[in-house]
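The values are calculated or read from the model by the stated rules, or taken from the named source; none is laboratory data. Everything numeric here is computed off the predicted structure, so don't read it as measured data. Cβ placement follows ideal geometry from the backbone for every residue including glycine, while neighbour counts extend to all protein chains displayed. Remember, those area values only see protein heavy atoms, side chains included, never the ligands or the DNA or RNA. Shrake-Rupley method; radii C 1.70, N 1.55, O 1.52, S 1.80 Å.
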Amino acid sequence: MTTPENDLTPNISPQPLYPHNRVRRHLSELFRLALPVVIARIGMLVMSVVDTIIVGNYDSSSLAYLNIAHAPFISLLVTGIGLLTGIMIMTSHAFGRKNHQAAGQVWRACFPYAVMLGFALAVVAWQSKWIFVLSDQPEAIIIHSSELAHILAIGMPAALIYISCSFFMEGLQRPLPGMMLMLAANIVNLVLDYGLVHGAFGLPELGAAGAAWTSTIIRWLMAGTMLAYILLMRDHVLFGLRDGFSGWWHHSRDARSMGYASGASQGMETAAFAAMQLFAGRIGIIGAASYGITMTILALMFMFALGLASATSVRVGIAYGRRDRPDMALAGWIGLTTTMVVMFCLSLPVYFFPAWVAELFSEDVAVIAGTSGLLILMPIIFPTDGGQNAAMSALRGTGDKWAPTVLHMFSYICVMIPAGYYLAFVRDMGVSGLFWGIAIASLVAVSGLAIRFGIVSKRELPSYP
């Protein structure tokens with residue numbers, strides 16, 4: 001008979017394939033966990049890529065409006081995701097020491113926090129117009145991007161509900177439900193997006209607003225589905241998932257504390273990238289469109305790094321939970337190295353065929369030419385940007401909070417923004433100067449974070465009280 005006790009991880013085998021070879025075991029478990037996470041993360045960006053392709057082929061101006069509207073929204077969304085990162089870390093710590101009730105309590109405590117956070121960030125996202133005005137955007141961008149920002153803001157609570165549930169499942173090494181849901185969502189997104197943007201299938205022609213409404217509708221469908229899945233899990237009793245949310249603020253303290261550092265880090269990084277997007281808007285419509293397409297490609301490839309980084313965080317967190325310092329250090333270094341190698345390999349097709357890639361996103365000759373010139377920098381940016389995320393995640397898995405946040409913020413606030421502005425406007429390099437700024441900052445970040453992990457991974461781990 002199947003019982004909750006012997007049905008803990010139906011999606012990921014708890015038995016390592018190589019129990020006597022730590023390196024092969026970590027690589028095996030890294031990819032076993034990372035593959036579904038990568039697919040789920042890519043699915044999130046594929047929806048944005050589909051938006052970019054469909055809207056870009058509809059009208060270049062509409063694509064610029066949508067890209068600018070996404071800048072503050074994505075910054076706030078990533079900040080929210082960072083604030084919820086503690087769910088995955090604390091769940092993996094509890095799961096590593098086989099305390100299933102504690103793992104379930106992490107989710108029960110943090111779910112109300114995710115809901116509250118989602119509505120708070122939605123209010124902020126609704127007020128994005130002042131950012132466009134302050135950054136001296138053209139009048140057309142201010143008007144149209146503000147309207148799109150209102151639509152996107154409605155989906156913010158749903159996005160964080162879905163993330164809170166996904167992080168809990170990933171902390172348990174069960175990423176398959178999130179992956180399957182994301183695949184289904186992308187099918188719906190493709191049809192609904194095309195219909196609402198172009199007015200196909202009897203739907204109204206809304207242009208860029210159609211893409212924004214599609215994203216919001218799908219976010220709410222995914223949130224409801226993922227929540228239902230968790231509450232209906234076969235072993236929900238083992239984790240106490242239906243035991244209510246009383247005392248959630250107190251019980252979420254450790255996860256929130258972990259999330260504050262991660263949220264500050266991710267929020268500042270994304271805000272820095274949003275500033276770069278606004279710099280691109282000042283360069284002009286073509287510059288904003290080229291920057292947006294290149295960032296979409298970078299973000300799509302970054303999902304591979306994000307999946308590997310999430311898997312690294314869980315692997316490090318589980319080793320930390322059972323207080324195995326050598327295994328924790330090995331998990332982190334393998335995750336960092338593997339991520340950088342994978343990202344470099346992914347950059348090669350983009351480097352060798354930039355025009356072909358750019359033509360997928362736009363029919364505008366000027367936009368294609370501008371984008372092609374930017375894509376040749378990806379062999380530098382892909383591995384360093386992916387590597388810094390893997391190093392950051394490894395540090396989060398050890399419970400390290402503010403030191404990696406300071407290193408991260410220094411790299412992207414104090415290095416990337418000044419370097420990007422100087423190269424783009426003072427040195428008159430245009431949009432390519434912005435991407436050289438990104439490359440420099442990513443190199444600084446991965447170097448500093450790797451050194452920090454080397455220090456932390458050599459320390460003795462504290463015992464549980």
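Tabulated data
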item: Criterion: in contact (Cβ under 8 Å) with a residue 40 or more places away in the chain, among the basic types (Lys, Arg) and in a helix (DSSP H, G or I) - qualifying residue of Arg323, Arg315; result: Arg315
item: Boolean, Gly437 is under 29 Å from the mean Cα position of the chain (by Cα) and buried (at least 20 other Cβ atoms within 10 Å of the Cβ); result: yes
item: Breaking point among (1) modelled with pLDDT of 85 or more; (2) in a helix (DSSP H, G or I); (3) in contact with a Leu (Cβ under 7 Å, 6 or more places away or on another chain); (4) open to solvent by less than 10 Å² (accessible area, probe 1.4 Å), for Leu298; result: (3)
item: Subset tally (residues that are open to solvent by 40 Å² or more (accessible area, probe 1.4 Å), under 21 Å from the mean Cα position of the chain (by Cα) and at pLDDT below 90) for the stretch 211-265; result: 1
item: Single match in Ala153, Ala103, Ala109 (criterion: among the aliphatic types (A, V, I, L, M), over 24 Å from Phe239 (Cβ atoms) and either touching a residue at least 24 places away in the same chain (Cβ under 8 Å) or open to solvent by less than 20 Å² (accessible area, probe 1.4 Å) (or both)); result: Ala153
item: From Met116, Met179, residue being over 19 Å from the mean Cα position of the chain (by Cα) and closer than 30 Å to Gly96 by Cβ; result: Met116
item: Qualifying residue in the stretch 122-130 (condition: closer than 23 Å to Ala272 by Cα, in a helix (DSSP H, G or I), more than 23 Å from the chain's Cα centre (by Cα) and at pLDDT below 90); result: yes
item: Test: residue in the stretch 63-81 that is more than 22 Å from Glu359 (Cβ to Cβ), polar (S, T, N, Q), within 14 Å of the chain's Cα centre (by Cα) and open to solvent by 20 Å² or more (accessible area, probe 1.4 Å); result: yes
item: Number of positions in the stretch 33-59 that are open to solvent by 30 Å² or more (accessible area, probe 1.4 Å), more than 25 Å from Ala223 (Cα to Cα) and in contact with a Ser or Thr (Cβ under 8 Å, 6 or more places away or on another chain); result: 1
item: Pair list, Cβ < 8 Å and 6+ apart or interchain, from the stretch 16-34 residues that are part of a loop (DSSP other than H, G, I, E, B) and aliphatic (A, V, I, L, M) to residues that are at pLDDT 55 or above and exposed (fewer than 15 other Cβ atoms within 10 Å of the Cβ); result: Leu17/Arg24
item: Looking only at the stretch 170-210, and only at residues there that are among the β-branched types (Val, Ile, Thr) and more than 30 Å from Leu308 (Cβ to Cβ), the one that is least open to solvent (accessible area, probe 1.4 Å); result: Val197
item: Matching option when the condition is in contact with a Ser or Thr (Cβ under 8 Å, 6 or more places away or on another chain) and open to solvent by less than 40 Å² (accessible area, probe 1.4 Å), among Ala331, Ala355; result: Ala331
item: Matching option when the condition is over 30 Å from Gly96 (Cβ atoms) and out of contact with any Gly (no Cβ under 8 Å at 6 or more places or on another chain), among Ile440, Ile451, Ile417, Ile455; result: Ile440
item: Search result, residues across the stretch 334-345 that are surrounded by 19 or more Cβ atoms within 10 Å (Cβ to Cβ) and of a type in the set (A, V, I, L, M, F, W, C); result: Ile334, Leu336, Met340, Val342, Met343
item: Leading residue by the ranking (most open to solvent (accessible area, probe 1.4 Å)) among those in the stretch 374-399 that are of a type in the set (A, V, I, L, M) and not in a helix (DSSP H, G or I); result: Ile376
item: Exclusive hit being free of Cβ contacts under 8 Å to residues at least 60 places away in the same chain and part of a helix (DSSP H, G or I), set Leu348, Leu336; result: Leu348
item: Residues that are touching a residue at least 60 places away in the same chain (Cβ under 8 Å) and either of a type in the set (A, V, I, L, M, F, W, C) or not in a helix (DSSP H, G or I) (or both), drawn from the stretch 444-458; result: Ala445, Val446, Leu449, Ala450, Phe453, Val456, Ser457, Lys458
item: Failed item, numbered, when Phe167 is tested on (1) surrounded by 24 or more Cβ atoms within 10 Å (Cβ to Cβ); (2) more than 20 Å from Ile74 (Cβ to Cβ); result: (2)
